[in-house]
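Written below as structure tokens is the structure these notes are about.
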Amino acid sequence: MSSSISISRVNRVYTDTDGNTVNALADVSLDIKAGEFISIIGPSGCGKTTLLRLIAGLDKPQSGELSIDERAIKDVSTERGYVFQQGGLFPWLTVEKNIAYGLKARGVFKRNRSKVSDYISLVGLDGFESAYPHQISGGMAQRVAIARALINEPKALLLDEPMGALDSFTRADLQDKLLELWKQKGTTMILVTHDIDEAIYLSDRIVIMTPRPGKISSIVNVDLPRPRHRGGGEFLALRKSILEFFELAQAQPQPEYII
Amino acid sequence: MDNAAALPLKAADTAAGNTKKSVRWGYKHNGFFALKVLLTLSGFIIAIIVNIAFPQKAAVEFKTYTLGIFGLNIDLTINDAYIFVIAVLMLIYGAAGLRAFFDRARRKLYCKNAAFRFAIGIALALWDIGGTKLQWFAQPFFPGPAQVIEAYLADGDYVVQNTLYSLRLYAAGFSCGVLLGVGTGILIGWFPKVYYWVYPVLKITGVVPAVAWMPFALTLLPNSFTAAVFLIVICAWFQIAFLTAQGIQSTPKQTYEAARILGSGQIGLITHVAIPHAMPDIFTGISSANAMAFTTLVMSEMLGQPGGLGYYINQSKVWSAYYKVLAAIVVMAVLFSLINHFIGIIKKRTLRWQEGVLKK
């Protein structure tokens, strides 16, 4: 169960309260294959979250087309799951009820009741069913958010820096969990991150974006065999080349500083 | 030097640690707890001793009433009734002590409350001396505890009747007020158009005390009961609507987005996201509206009701029966506290997810 996603010549301009326009996305095109694991990295303000929101249907572009399996994306849909930066869990629902939310919202809870405990086990949260979000750790909350998104069996899962706020141990743990789920479900994964290691460790391809205007500067294929070794030679070489890319990008003359 | 000094200290510590079987002197210690129970009860024992041993200097008529309980006719002076009430209090606190003895969590609280409960007994004793024994306090405004109890013996059925009247009025008015308030609040919070047209009206009329509408209520509504219900409704309605709207509007956009992606429709967003998010604010509204509803209830009873505790106070005042006024006040204190407690329980259940998030 996976979908291909096609983005072609998408533009998104925001106008802030002072009337200044910010070119969040300029002429962005990208094709994502079904079942692919894509990471989008780049410094803040490069439009990576905007792009993700457009794919989710939470926002609309001024021009350009977004489609999933050849169908235009018009609104949000349960076929595209979304994991928010801070989890976005419902604080008034227990872990179990947060995960079951999608089934209830779609009115299919009664038929799929057993799925809830399956997904709780899938993200390793057995025993925490009746805990409330504030009672569990950040890593656990993100796992709840992932399980909550996956229970609707989306064809694509969009992850907006889901591990941004976690410590490195929890993060490594969750990355492995994510890979495991990806292998198991075959869902197309689109991960927004600013962690280069995370992008290399997880993805098939890394989309590098640069700001002002937000655009795709480069796409890096990660041809390393899985499971990947975080300290391996090829891993580090790839990491170095991406770092160099950003240093180069920063070395380009920036018009704001020219008087 | 430092080491040498620290060593014997450490040795003493481990020595204390080895004798773990003796419980430290505190609420976990049975002897300590027994003393706390004794302290709790001794206040009331003092009150009884004062009542029996202290000479009755002032001229007070101790009427005798016959109570029919379970087919038995018991003759009892108002002073006997007072001692009986103290005995009942002692029984309650004694039973609570027994229950706490076997329950660690309750023990701590019981010990904490012991000093205050002791003070209740002392206050009763002082009140007995000042109000009944010596009548230091201005009479008939501040009668002693036995006279207040006399009101229940003399007027028992009537007090109950008036209490039920108040309760009925409150229940009818407040429940309608809560329903209307939450309903209006949701509409205001959800629909910008409703907000634009209704919110300013609510904001301006909301500051007017409900009783100000009484002349209209009494003339335009079919009877005084509906008039009082109407007043309680509006005092609860505006306050609750105001806070409900605030709670709905403060729901983070991301929470709605998460729900939409998971498949929630418009109605689901209201019932499963906006309303749960607004619940803490709704309860803040209910609590403050509740306090205003009590005020409105008693005021409207005093000004134009054929019954109720406010009416009873007014009627007793006419006869200068201040002991009855006090008796009604005691009933109000107990009744309103119980209602608050009841609302508190519902609140705690509903907002269980907040436990540990907020500083108490």
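Only the coordinates and a few stated rules stand behind these numbers; no lab work does. Since this is a predicted model, take the numbers as computed values, not measurements. With ideal geometry, Cβ positions are generated from the backbone for all residues, glycine too; neighbour counts draw on all protein chains shown.
For the reader, a short list of remarks on this structure follows.
- Pairwise FRET efficiency - B:Val208 versus B:Gln266, Cβ, R0 = 41 Å, nearest 0.05: 0.75
- Per DSSP, loop trypsin sites (Lys or Arg not before Pro) in region A:88-177 with at most 13 further Cβ within 10 Å: A:Lys110, A:Arg111
- Kirkwood radius for region B:26-137, taken over all pairs of different Cα atoms as the inverse mean of 1/r, rounds to 15.5 Å.
- Across peptide A:82-94, the mean count of Cβ atoms from other chains lying within 10 Å of each residue's own Cβ comes to 5.
- Net charge contributed by nearby residues that have their C-beta within less than 13 Å of A:Lys240 (K/R +1, D/E -1): -3
- Over region A:1-116, the pair-distance histogram of Cα-Cα distances with 5 Å bins from zero comes to 2, 9, 16, 19, 17, 14, 11, 7, 3, 1, 0 percent, rounded to whole numbers.
- R0 of 51 Å, Cβ-Cβ distance A:Ser8-B:Ser175: FRET efficiency to nearest 0.05: 0.30
- Multiplying the residue separation of B:Leu167 and B:Asn73 by 0.36 nm and subtracting their alpha-carbon distance yields 30.8 nm.
- Rounded if a/c under 1.5, otherwise prolate or oblate - chain B, Cα gyration tensor axes: oblate
- Full-stretch length increase - B:Ser288, B:Lys63 - with 0.36 nm per residue and alpha-carbon distance subtracted: 76.8 nm
- Exceeding the 19 Å Cα-Cα cut-off - candidates A:Lys155/A:Lys185; A:Lys48/A:Lys104; A:Lys74/A:Lys104; A:Lys155/A:Lys215; B:Lys36/B:Lys348: A:Lys48/A:Lys104; A:Lys74/A:Lys104; A:Lys155/A:Lys215; B:Lys36/B:Lys348
- Zone of B:Trp136's modelled label, taken as backbone nitrogen in region B:106-129 under 17 Å from a point 7 Å along Cα→Cβ: B:120-129
- For A:Lys240 and A:Asn23, a Förster radius of 35 Å and the Cβ-Cβ distance give a FRET efficiency of 0.70, rounded to the nearest 0.05.
- A:Arg230 paired with A:Arg111, simple spin-label distance in nm, labels 7 Å along Cα-to-beta-carbon: 4.2 nm
- Farthest toward positive dipole pole in the protein assembly as shown [+1 Lys/Arg, -1 Asp/Glu at C-beta], among B:Val325, B:Trp353, A:Thr49: B:Val325
- Fraction of the pair-distance distribution of region A:92-153 above 16 Å, Cα-Cα pairs, percent: 33 percent
- Kirkwood hydrodynamic radius of region B:199-358, from inverse mean 1/r over distinct Cα pairs, in Å: 18.2 Å
- Cα long-axis angle, helix A:138-150 against chain A (0 to 90 degrees, to the nearest 10): 80 degrees
- Relative contact order of chain A: 27 percent, from C-alpha pairs under 8 Å at least 6 residues apart in sequence.
- Tensor-based shape of chain A (alpha-carbon gyration tensor, a/c under 1.5 rounded, otherwise prolate or oblate): prolate
- Along each principal axis, Cα extent of the protein assembly as shown, largest first, Å: 103, 85, 61
- Debye intensity ratio in log₁₀ form over the Cα atoms of region B:238-290, taken at each q of 0.22 Å⁻¹: -0.73
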